[in-house]
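The values are calculated or read from the model by the stated rules, or taken from the named source; none is laboratory data. All values derive from a computational prediction rather than experimental measurement. Neighbour counts are summed over all protein chains in view; Cβ atoms, including those assigned to glycine, are modelled from backbone coordinates with ideal geometry.
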């Protein structure tokens with residue numbers, strides 16, 4: 001029985017390592033960071049904190065997802081949009097830092113989710129971003145998180161992320 005537990009534990013560990021490797025390949029392949037959509041900086045570093053704001057699920061300068069969860073898009077589309085916005089955030093962080101190896105931890109993840117009035121699954125949508133970040137950086141670097149529902153977001157996207165990283169200086 002102990003041998004079986006050991007084998008299962010190793011299988012779980014390999015699975016987590018494999019997920020992390022796959023996630024790292026994904027962000028290495030992520031497109032370049034898009035230019036801001038307005039007059040602001042997408043990344044501001046002060047000391048050992050890097051603040052990212054307004055991360056949207058876009059490809060280049062075009063939204064990949066448009067609509068509100070529960071009205072135009074389902075939960076899975078929302079999760080995919082959150083994942084894409086997180087990838088875009090990682091591209092901005094990588095562009096600013098030169099490498100994501102400088103990220104010590106994710107301090108905070110803010111997720112705004114555009115929903116119809118009766119949707120209560122905003123945290124499940126936000127998990128699309130949280131799970132990607134956990135797969136890349138590991139569970140020990142999970143951030144505090146604030147998730148809230150809103151009526152609309154820039155460019156009509158279903159999610160917008162705010163990220164704060166602790167980085168090595």
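Tabulated values for the structure
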quantity	calculated
Residue in region 77-94 that is more than 12 Å from the chain's Cα centre (by Cα) and surrounded by fewer than 17 Cβ atoms within 10 Å (Cβ to Cβ) present	no
Selection status of residue 3, loosely packed, with under 10 Cβ neighbours inside 10 Å, out of contact with any strand residue (DSSP E or B) (no Cβ under 9 Å at 6 or more places or on another chain) and modelled with pLDDT under 95	yes
Residue in region 111-125 that is surrounded by 15 or more Cβ atoms within 10 Å (Cβ to Cβ) and out of contact with any strand residue (DSSP E or B) (no Cβ under 9 Å at 6 or more places or on another chain) present	yes
Out of 77, 71, sole residue that is over 25 Å from residue 40 (Cβ atoms), in a loop (DSSP other than H, G, I, E, B) and modelled with pLDDT of 95 or more	71
Answer from 49, 73 - the residue that is within 18 Å of the chain's Cα centre (by Cα) and either more than 21 Å from residue 156 (Cβ to Cβ) or touching a residue at least 24 places away in the same chain (Cβ under 8 Å) (or both)	49
Residue in region 141-153 that is surrounded by 23 or more Cβ atoms within 10 Å (Cβ to Cβ) and in contact with a strand residue (DSSP E or B) (Cβ under 9 Å, 6 or more places away or on another chain) present	no
Residue 23 being surrounded by 11 or more Cβ atoms within 10 Å (Cβ to Cβ), under 19 Å from the mean Cα position of the chain (by Cα), closer than 16 Å to residue 132 by Cβ and at pLDDT below 95	yes
